[in-house]
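The values are calculated or read from the model by the stated rules, or taken from the named source; none is laboratory data. This one's a predicted model, so the numbers in the text were calculated from it and none came from an experiment. In this analysis, Cβ positions are derived from the backbone assuming ideal geometry, glycine residues included, and neighbour counts consider all displayed protein chains. When the accessible area is computed, the model is the full protein with side chains, heavy atoms only, and any ligands, DNA or RNA have been set aside. Shrake-Rupley method; radii C 1.70, N 1.55, O 1.52, S 1.80 Å.
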Amino acid sequence: LDDIGNFFTVIMNTIKAIKNAVVCLVLLPRFLVAAVMFWLLDFLCIRKRVFFRMKEQEGDAIDPPLCISDSNRLFSLESLKAVWHGHKLDFLKAAHLGHGAPNTEVVQLEDQRRSRILDYAKDKRPLILNFGSYIADSVVVYIEEAHPSDGWVSTDAPYQIPKHRCLEDRLSAAQLMRLEVPGCLVVVDSMENSSNAAYGAYFDRLYILQEGKIVYQGGRGPEGYRISELRDWLDQYRQTLEGSNNLVLNV
């Protein structure tokens, strides 16, 4: 029995190693491109020109602007770790447009009771997931820090928060975030980072769930975080509802 157990352990470890190797091969090109971009953007003359051009091309005022201060380094060991982590989560995420929404575990901020993402969905109403450091019904899902004070630090961040070592650390940090979004329901990802992993949410990301399915999937933040896209989807959904109601009234 021990020999059989050892054999299956070797098989599982081999499969895991092959899977990791495939992931590395797929992600390596885009990771290297991101690394080169970060290295170039650490030259202030390039950084200022790039972000000035991006600011000129911003299409909608409701989308948060990309702001990076001159004192923040982009190319560093911690930044490269964060970028690799984000690419890996996005590649391996279980959430895909048009498919069932992962019903991952979260922790309520008020009483630390554990619940599930889809517990906050009401009937057929769309449920907005705002991952970051907000579910129409809206919930903010607080995940691991993108710029912890002991990692890829951001010197101009409003709060300096170290990496979460335990659930209490994450709950305390989420209390600070709730001050920035008064009136919004805030829940916290588990320390297993199950929601972050399932939705590929790192650094931040927007989703809309409806009847247990993903009907809108935003891009990875910060550059893919588009509130204007979310607004457009909700506007179109409202028009669809109004059209259906008018049809019923006419009948």
Which number in (1) farther than 28 Å from LEU74 by Cβ; (2) within 18 Å of the chain's Cα centre (by Cα); (3) open to solvent by 10 Å² or more (accessible area, probe 1.4 Å) marks the one condition that GLU168 misses?
(2)
PHE8: at pLDDT below 85, open to solvent by 80 Å² or more (accessible area, probe 1.4 Å) and outside any loop (DSSP other than H, G, I, E, B), yes or no?
yes
Using beta carbons and a limit of 7 Å, which pairs, at least six apart or on different chains, have the first residue in the range 225-243 and surrounded by 11 or more Cβ atoms within 10 Å (Cβ to Cβ) and the second one among the acidic types (Asp, Glu)?
TYR225/ASP204; ARG226/ASP63; ILE227/ASP63; SER228/ASP60; SER228/ASP63
Hey, does the range 144-160 have a residue that's of a type in the set (Phe, Trp, Tyr) and under 26 Å from LEU66 (Cβ atoms)?
yes
Of the numbered conditions (1) modelled with pLDDT of 85 or more; (2) under 30 Å from GLN210 (Cα atoms), ASP137 satisfies every one except a single condition; which is it?
(1)
GLN160: passes all of (1) open to solvent by less than 50 Å² (accessible area, probe 1.4 Å); (2) within 23 Å of GLY86 (Cα to Cα); (3) of a type in the set (S, T, N, Q) but (1)
Does any residue in the range 64-82 that is surrounded by fewer than 14 Cβ atoms within 10 Å (Cβ to Cβ) come within less than 7 Å, Cβ to Cβ, of a residue that is assigned to a helix (DSSP H, G or I) six or more places away or on a different chain, and which pairs are these?
PRO65/LYS55; ASP70/LEU44
Which numbered condition in (1) assigned to a loop (DSSP other than H, G, I, E, B); (2) more than 22 Å from ALA146 (Cα to Cα) is the only one that PRO64 fails?
(2)
